[in-house]
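Here's the structure we're looking at; comments come further down.
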Amino acid sequence: MQPPVLAAAPHWRRIDFISDLHLQPACAATAQGWRGYLATTPADALFILGDLFEVWVGDDLMQHDSPEGHFAADCAAALRDAGRRLDLHLMRGNRDFLLGEGFAQASGTRLLPDPLRLDLGPQRWLLTHGDALCLDD
């Protein structure tokens, strides 16, 4: 079976790929570094290939008045700000597989299926979080 295909936008000259950041409130330095990266990357498009968060228990997390809820809302806001100048794409990972349309809308990201083929001119890239390839865990 062939994966769905996404054609790169003609204006994309630089594409960044990140994955497995496992962001969480207890690791403030990692989250701060990620926010700095979002604010300064010269990329035209960013693909987050899963496990952006250490754990995601559902999109309603952003509505909770808790440290985790505030952290999730702050991360969504950082993405939304970055999305004003670059195209944002998000694939779920095994730790944040419950990310849904609520987070996508709040963050300005486009949710992607796993796997996905990215066509960039004559090049074809297979994008996946990769956990489906771990058959002997």
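For the range 27-112, relative contact order (Cα pairs under 8 Å, six or more residues apart, normalised by length) works out to 37 percent.
Under the simplified labelling scheme, the Thr40-Arg124 pair shows an inter-label distance of 3.8 nm, with each label point 7 Å from Cα along Cα→Cβ. Loop-resident trypsin sites (Lys or Arg not before Pro) (DSSP state other than H, G, I, E or B) in the range 31-137 with no more than 16 further Cβ atoms inside 10 Å of their Cβ: Arg84, Arg85. Rounded to the nearest 500, the helix-only mean residue ellipticity at 222 nm of the chain stands at -8000 deg cm²/dmol, with each DSSP H run of n ≥ 4 adding -39,500 (n - 2.57). Apolar share of the accessible surface for the chain: 55 percent from carbon plus sulfur atoms, 1.4 Å probe.
The solvent-accessible area of Cys27, taken with every protein chain present and a 1.4 Å probe, is close to 60 Å².
Take every DSSP beta bridge whose two residues both sit in the chain; close to 25 percent of them are antiparallel.
Accessible area per residue for the chain is 56 Å², calculated with a 1.4 Å probe on protein heavy atoms, without ligands, DNA or RNA. The HN-Hα couplings worked out from phi for the range 26-34 by the Karplus form 6.51 cos²θ - 1.76 cosθ + 1.60 (θ = phi - 60°) are 6, 10, 4, 5, 5, 5, 5, x, 4 Hz, whole numbers, x standing for Gly and Pro. Estimated at 0.36 nm per residue, the fully extended path between Asp131 and Arg85 surpasses their Cα-Cα distance by 13.5 nm. Comparing Ser66, Ser107, Ser19 in a Gaussian network model of the chain (Cα springs below 10 Å), the most mobile by mean-square fluctuation is Ser66. Global dimensions of the chain from alpha-carbon coordinates: Rg and Dmax equal 14.9, 48 Å. Scanning residues 5 or more positions from Ala45 or on other chains, those with amide H under 5 Å from its amide H are Arg14, Asp16, Asp87, with H placed 1.01 Å from N in the peptide plane. Counting 0.36 nm for each residue step from Ala9 to Ala28 and taking away their Cα separation leaves a gain of 3.5 nm.
Shown is the FRET efficiency for Gln105 and His70, computed with R0 = 22 Å from the Cβ-Cβ distance and rounded to the nearest 0.05: 0.75.
The values are calculated or read from the model by the stated rules, or taken from the named source; none is laboratory data. Small disclaimer: the values here were computed from a predicted structure and weren't measured. Every residue, glycine as well, gets a Cβ built from its backbone with ideal geometry; the counts of neighbours run over all protein chains shown. SASA here: full protein model, heavy atoms, side chains in, ligands and nucleic acids out. Shrake-Rupley method; radii C 1.70, N 1.55, O 1.52, S 1.80 Å.
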